[in-house]
1. Give me the net charge for the shell around Ile110: Cβ to Cβ below 13 angstrom, other residues only, Lys and Arg +1, Asp and Glu -1.
2. Label point 7 Å out from Thr1 along Cα-to-Cβ: which residues of segment 50-68 have amide N under 20 Å?
3. On the protein heavy atoms, probe 1.4 angstrom, tell me the percent of accessible surface of segment 1-56 carried by carbon and sulfur.
4. Using the charge dipole of segment 59-124 (Lys, Arg: +1 at Cβ; Asp, Glu: -1 at Cβ; taken about the Cα centre), state which of Ala74, His85, Ile110 has its Cα farthest towards the positive end.
5. Skipping prolines and chain starts, which residues have an amide H placed within reach, meaning under 5 Å, of the one on Leu91, given they are 5 or more residues away or on another chain?
6. Once amide H atoms are placed 1.01 Å from N in the peptide plane, what residues at a sequence separation of 5 or more from Leu48, or on another chain, have their amide H within under 5 Å of its amide H?
7. What is the local net charge at Pro16, summed over the other residues whose Cβ is closer than 12 Å to its Cβ (Lys, Arg +1; Asp, Glu -1)?
8. Using the Karplus curve 6.51 cos²θ - 1.76 cosθ + 1.60 with θ = phi - 60°, work out ³J(HN,Hα) for each residue of segment 23-40 in order, rounded to whole Hz, and write x for Gly and Pro.
Amino acid sequence: TISRRFPRPILVWPVPVQGEGAAERIAAAIAGFDAMPPGGSPPRPDVLIIARGGGSVEDLLPFSNESLVRAVSAAFTPVVSAIGHETDRPLLDLVADLAASTPTDAAKRIVPDLADELRGTYGVEVEVIVADLADAVARATVVADLETRDVEVLINNAGFATSGDFADENPARIAELI
């Protein structure tokens, strides 16, 4: 939703969002983002979105954990809570700077729609230009990830056990990334 509405690089800090240790890992990610220098490379984000789709009450318990609630309350960077569906209300919603009903709602509430902005300013249809820009940003983000992160981590996050598994199952994707 974000890349479609307002194409820009997105910085992701992969963490578990359920189970033992999830709340502590999310709290550590918040502290890590806050520790990034504003003008650094990459720069500190303007906003943090803590997002997870719906689930059982047990699955969503990390978002009512005291250590996570305290980390969000102490965060320098504004935090958006986007947990579950519209009926889910973890304690995180009470301390976040903004509580969105879903992850998609969070994206819509914090990111302007570039096509609407340009259409309003210039009075033209700009969807093709915005789509091309979104593709360019997505390519730049992949390149930045490959330059700044361990390739094994990227492959593991994609769900493959090793780079060999990835290469065996995705020769076309390997060629595309190279």
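The values are calculated or read from the model by the stated rules, or taken from the named source; none is laboratory data. Because the structure is a prediction, the values reported are computed rather than measured. Ideal geometry is used to build each Cβ from the backbone, glycine not excepted, and the neighbour counts take in all protein chains shown. To get the accessible areas, we keep the full protein, side chains included, count just its heavy atoms, and leave off ligands, DNA and RNA. Shrake-Rupley method; radii C 1.70, N 1.55, O 1.52, S 1.80 Å.
1. Working: positive: Arg5, Arg8, Lys108, Arg109; negative: Asp46, Asp97, Asp105, Asp113.
Charge balance in the 13 Å sphere: 0.
2. 50-56, 60, 63
3. On the way: 1830 of 3170 Å².
Roughly 58 percent of what the probe reaches on segment 1-56 is carbon or sulfur.
4. Result: Ala74.
5. Hits under the 5 Å cutoff: Ser64.
6. Val79, Val80
7. Values: positive: Arg25, Arg52; negative: Glu20, Glu24, Asp59.
Within the 12 Å Cβ shell, the charges total -1.
8. Listing the rounded values in order: 4, 5, 5, 5, 4, 5, 5, 4, 4, x, 4, 4, 6, 5, x, x, x, x Hz.
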